Amino acid sequence: MSIFLYKSVYADSVTKELGVKTNVDNNYTWTITFNKDADKNTVNNDNIKVTDSLGNKVAVNLVTNEKTVKVTPVNFYKYSETYDINVENVKDLNGNSLLQKAHMSFIVKEEPQKPNPGVTICIDPGHGGRDPGAIGYSGVKEKDVTLKVGLKLGNILKQRGINVIYTRDTDIDLAPKTSSFNVSADLQKRCDISNAANAKYTISIHANSFSASSANGTETYYYEGSVEGKKLAEAVQKHIVEDLGTTNRGIKDGSWLYIAKHTTSATILTELGFLSNPEDERKLNSDSYQNKYANAIAKGVFEVLGM
């Protein structure tokens with residue numbers, strides 16, 4: 001029969017009411033686990049859906065991995081609201097139904113207090129202007145991806161009362177315009193902006209590239225020895241991998257990075273994916289996936305701030 005363990009939904013061929021779960025985080029990712037591998041063609045927003053208390057369908061992202069499906073809200077659930085998860089018509093690889101129907105309700109926790117308004121986060125969309133950064137498999141420019149994700153991230157953080165500054169919010173570089181592009185001058189200016197604002201965290205957003213197009217996935221760097229930086233790197237890396245299903249390349253020592261060495265904040269640099277990989281590039285250039293990246297980074301920020 002269907003059982004419920006912690007915060008995962010387990011279902012087999014018998015219809016089961018899975019009860020009500022309370023005090024759920026507003027960005028929680030549910031894991032539905034079946035007793036057999038699920039046919040990805042039957043894992044969709046009609047067969048696995050979340051509805052609010054009025055019966056309205058809530059937009060969720062579904063990431064399938066053999067017997068499990070992760071269900072993540074596109075936008076945060078509303079505090080103190082009740083939602084329902086309904087699962088039906090999901091089939092195994094042989095076309096057999098894995099279950100008739102499973103249902104669970106959950107209540108989102110109350111809204112926490114907003115952080116001290118003195119908390120400032122600096123968002124650094126990598127490259128820009130004369131510096132395009134990496135050029136993708138089909139020509140997508142890193143500077144365009146990082147700016148879009150950075151602005152989306154900033155909007156999410158500001159909605160939760162966090163003071164946000166950007167090293168750039170348009171397609172510009174920060175090097176002097178009187179000479180040829182100077183990478184060090186550009187990077188130092190980004191550090192100056194963060195330091196002048198006394199930022200608690202600096203989040204530098206980038207996209208990777210490699211000679212072999214098979215390279216893919218997400219990795220996040222932090223300054224070795226920075227406890228707060230490591231915590232943020234771990235949280236951001238975790239949520240990106242969970243929410244977008246990217247290959248987990250782990251967190252790494254970024255002490256050699258200019259922005260990590262020359263900022264007074266806890267600083268991380270996240271490489272969202274590989275523009276040299278066709279599938280990663282497709283996601284990085286997609287507005288819906290850019291929203292997912294921004295939401296995932298925001299989840300990491302909220303986690304370390306205890307929000």
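Residue check: is ALA207 under 20 Å from THR246 (Cβ atoms), over 20 Å from the mean Cα position of the chain (by Cα) and modelled with pLDDT of 95 or more? When the stated conditions are applied, ALA207 does not pass them. Screening ALA207 on (1) buried (at least 21 other Cβ atoms within 10 Å of the Cβ); (2) under 26 Å from VAL119 (Cβ atoms) shows it passes everything except condition (2). Number of residues in segment 210-229 that are of a type outside the set (Gly, Ala, Ser) and surrounded by fewer than 18 Cβ atoms within 10 Å (Cβ to Cβ) equals 4. Pull up segment 230-249, narrow it to residues that are in contact (Cβ under 8 Å) with a residue 40 or more places away in the chain and aliphatic (A, V, I, L, M), then point me to the one that is surrounded by the most Cβ atoms within 10 Å (Cβ to Cβ). Among those that are in contact (Cβ under 8 Å) with a residue 40 or more places away in the chain and aliphatic (A, V, I, L, M), it is LEU232.
Inside segment 241-255, residues that are at positive phi and in a loop (DSSP other than H, G, I, E, B) make up a count of 1.
For the residues ARG130, ARG160, the requirement of being closer than 30 Å to THR82 by Cβ and basic (Lys, Arg) singles out ARG160. Just so you know, in segment 256-286 the residues that are of a type outside the set (Ser, Thr, Tyr) and assigned to a loop (DSSP other than H, G, I, E, B) include one that is surrounded by the most Cβ atoms within 10 Å (Cβ to Cβ), and it is LEU275. Quick check: is even one residue across segment 49-66 touching a helix residue (DSSP H, G or I) at 6+ places or on another chain (Cβ under 7 Å), part of a strand (DSSP E or B) and surrounded by 14 or more Cβ atoms within 10 Å (Cβ to Cβ)? There is at least one residue in segment 49-66 that is touching a helix residue (DSSP H, G or I) at 6+ places or on another chain (Cβ under 7 Å), part of a strand (DSSP E or B) and surrounded by 14 or more Cβ atoms within 10 Å (Cβ to Cβ). Just one of the listed residues (ASP131, ASP46, ASP84) is assigned by TED's automatic domain parsing to the domain that holds VAL236, at pLDDT 90 or above and either more than 30 Å from THR267 (Cβ to Cβ) or not polar (S, T, N, Q) (or both), and it is ASP131.
The values are calculated or read from the model by the stated rules, or taken from the named source; none is laboratory data. Note that the structure is predicted; figures quoted are calculated from it, not measured. We place every Cβ from the backbone using ideal geometry, glycine too, and count neighbours over all the protein chains shown.
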